[in-house]
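J.: Take this structure, written in structure tokens, and hold onto it; I'll ask about it next.
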Amino acid sequence: MGRCGYHFFIRHDGTIERGRPEWAVGAHSLTVNARSIGICLAGDFTIYQPSEIQLVSLEWLINSYLLHKYPLINIVGHSDTDSTQCPGILFPLDKFKNITSQLVKLIVNGRLVNVPLRIMDGRTEALLSDNWVQLRELANMLGADISWDELTRTVNMSIK
Ligand SMILES: [Zn+2]
């Protein structure tokens, strides 16, 4: 895997392997190498579908790892950044792109705060020292104003 251009590689059997370290610039997409994490799934999805277990692994990698570490990422297909058929018509790209449309941003006193966020039962929660904390509850505790902007999916908090 030493020369692998990607950061993660997912085998047919669902095994996730690391390629380049995340801090290293990838060689997976000319236009966005310097500002993206490359994930490659073994297979040719112009001809056949990825295996079920490969997709489970990919979903795990994105939801349970990457989105926690990099909460503001967008998910794009190789064909969105380079002129290529990759990942292929039989790869469910839209499903994975939709994962990030659920993403939420948190802005406190005008500054973007980089913490993992999630929506549970319609409430936005932030991961603060290993606990998921409801933002509205937190705002109440701090006596802060809180508002939600649907268009940009942003929680705005202002602490006086
Ligand atoms: Zn590709």
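J.: Counting each pair of different Cα atoms once, what's the Kirkwood radius of segment 105-158 in Å, rounded to one decimal?
T.: 11.2 Å
J.: Using DSSP to define loop residues, name the GluC sites (Glu not before Pro) in segment 1-83 whose beta-carbon has at most 16 other beta-carbon atoms within 10 Å.
T.: E22
J.: Right, here's the next one. Using the alpha-carbon centroid of each, what span in Å lies between segment 115-159 and segment 73-105?
T.: Each part reduced to its Cα centre gives a spacing of 27 Å.
J.: Rg/Rh for segment 65-160 to two decimals, with Rh computed the Kirkwood way over all alpha-carbon pairs.
T.: 1.08
J.: Would you look at the GNM of the chain, springs on alpha carbons closer than 10 Å, and say which of P92, P50, P116 moves the most?
T.: In the Gaussian network model the winner is P92.
J.: Still on this model: With no solvent and one equal point scatterer per Cα, compute the Debye intensity ratio I(q)/I(0) for the chain at 0.14 Å⁻¹ and report its log10, rounded to two decimals.
T.: Each listed q maps to, in turn, -0.79.
J.: OK, next. Evaluate the relative contact order of the chain (contact order divided by residue number), counting alpha-carbon pairs under 8 angstrom at least 6 apart; express in whole percent.
T.: 16 percent
J.: Here is a follow-up. Using the charge dipole of segment 18-73 (Lys, Arg: +1 at Cβ; Asp, Glu: -1 at Cβ; taken about the Cα centre), state which of V56, C40, A24 has its Cα farthest towards the positive end.
T.: A24
J.: Using Cα-Cα distances under 8 Å and only pairs 6 or more residues apart, what relative contact order does segment 105-158 have, in percent?
T.: That works out to 36 percent.
J.: List the GluC sites (Glu not before Pro) in segment 87-160 that DSSP assigns to loop (not H, G, I, E or B) and whose Cβ has at most 12 other Cβ atoms within 10 Å. Which are they?
T.: Passing both the DSSP loop test and the Cβ count: E150.
Computed from the coordinates by the stated procedures, all read-outs in this text should not be read as laboratory data. Please read these numbers as outputs of a predicted model, since none were measured by experiment. Note that each Cβ is placed from the backbone with ideal geometry, even for glycine, and that neighbours are counted across all protein chains shown.
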